[in-house]
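Before any comments, here is the structure.
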Amino acid sequence: MDNEVRSAPTTPRGRSKVYGKERSGSSPVKPFATPSYDAGQPKAPRKPRRIGRKILIGLAIFLVLLLIAGVAGYFWISSKMNSVDAFTDYDGRPAETPGADWLLVGSDSRAGLSAAERKKLATGKAVGKRTDTMMLLHVPAGDGRPTLVSLPRDSYLPINGHGSDKLNAAYAFGGPKLLTRTVEEATGIRVDHYMEIGFGGFVGIVDAIGGVEICVKENIKDEKAGIDLKKGCQVMDGGTALGYVRTRKTGAIPDFDRTERQRQFFSAVVKKAASPGTLINPFSSVPLALSAAESVAVSPGTGVFDLLSLGLAMKGNPVTTAVPIGSLPTINGQAVVKWDNTKANKLFEALENDKPVPKEVITK
């Protein structure tokens, strides 16, 4: 019918137009989400990680583990150290003095060496042990230089209960106790620490630090000591170093020349053992500590820290000398050494009072 008004077409329910066009689906139109960054632009940086905090935590854990390992190592090494009773109380024993005084003794003990090792090191087959080296080391209480004094083994001295005899006879008569007492009565210095080492331990310690550099003054060939050395500075292993300090092939008075080499060697070994390169490196410090603990005998109360302090003190360019000699007589068929008492007293009085040794009494 013409008069009827046509109704406008209706949009189906639930549908709408988008930009003039019908869209599919029946859900309501949602507004566009606003992007958090402009297209094509780099993302905003994340919050910085707390790297510093993590590093500190890692460092703290490392230090704790290092502390635990150090404490465990200390007790482990201490448990392996050999103790020797070297002191005795007696009437007139010197009083304690400033600083620390060590009696260092090298014996000719072959203990721990196999027959093949004794042959290789040319140590012979002697049984038992005798004192081959004796040195008195004074470490001052302040910042002064340590003093290392050789005590000739043939020194003719009073030995309690045995009259007068060579110093090394004191060890044969009464072991470390009588030797220490004889040294104290002769020098007037109270010994605080005693340390003794045999041939086997000597070699082990030198090898543990990778050898030691020694400057040889002249060519030395000694079949009995097992060495054939050329003049000049060279790195010696344990066996070669042992032969070097034992040989009697040099010097007008061989035993005096030996004492100088012994001081030279001891200073070189202790300095290297206490160097940062040795202590920080576990491949050298651990074998060294183990070798020292098993081969060195020390007096009760002397521990790992005492040995370490000894090493650190020796790095301070120690004064090295020997007891001033007065004469070389023959007594009861034996060639002996008599001290120059006037000069010797000045030397030991300086050490007793923790003072520098007068230059006029220092001798090689």
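The values are calculated or read from the model by the stated rules, or taken from the named source; none is laboratory data. Predicted, not measured: the structure shown is a model, and the values here were computed from it. Reconstructed Cβ throughout: ideal geometry from the backbone, glycine too, with neighbour counts over all protein chains shown. Please note that ligands, DNA and RNA were not included when accessible areas were found on the heavy atoms of the full protein model with its side chains. Shrake-Rupley method; radii C 1.70, N 1.55, O 1.52, S 1.80 Å.
The set of residues in region 157-200 that are under 29 Å from the mean Cα position of the chain (by Cα), within 29 Å of residue 226 (Cβ to Cβ) and surrounded by fewer than 18 Cβ atoms within 10 Å (Cβ to Cβ) contains only 175. Residues in region 240-260 that are within 23 Å of the chain's Cα centre (by Cα), crowded, with 21+ Cβ neighbours inside 10 Å and not hydrophobic (A, V, I, L, M, F, W, C): 240, 243, 244, 259. Selection of region 336-354 for residues being loosely packed, with under 13 Cβ neighbours inside 10 Å and over 16 Å from residue 183 (Cβ atoms) yields 342, 353.
Against the condition surrounded by fewer than 16 Cβ atoms within 10 Å (Cβ to Cβ) and at pLDDT 90 or above, how does residue 328 come out, does it pass?
Working: surrounded by fewer than 16 Cβ atoms within 10 Å (Cβ to Cβ): yes; at pLDDT 90 or above: yes.
Against the criterion (surrounded by fewer than 16 Cβ atoms within 10 Å (Cβ to Cβ) and at pLDDT 90 or above), residue 328 qualifies.
Which of the residues that make up region 216-239 are surrounded by fewer than 16 Cβ atoms within 10 Å (Cβ to Cβ) and more than 23 Å from residue 284 (Cα to Cα)? 217, 218, 219, 221, 223, 224, 228, 230, 231, 232, listed by residue number. Of the set (1) among the hydrophobic types (A, V, I, L, M, F, W, C); (2) open to solvent by less than 60 Å² (accessible area, probe 1.4 Å); (3) modelled with pLDDT under 85, all apply to residue 319 but (3). Answer yes or no as to whether residue 290 is surrounded by 20 or more Cβ atoms within 10 Å (Cβ to Cβ) and aliphatic (A, V, I, L, M). No, not satisfied.
For region 214-250, a residue qualifies if it is at pLDDT below 90 and of a type in the set (Gly, Ala, Ser), and the qualifying residues are 225, 226, 238, 239, 241, 243. Evaluation of residue 302 against the conditions (1) surrounded by fewer than 16 Cβ atoms within 10 Å (Cβ to Cβ); (2) under 21 Å from residue 189 (Cα atoms); (3) in contact (Cβ under 8 Å) with a residue 24 or more places away in the chain shows that the sole unmet condition is (1).
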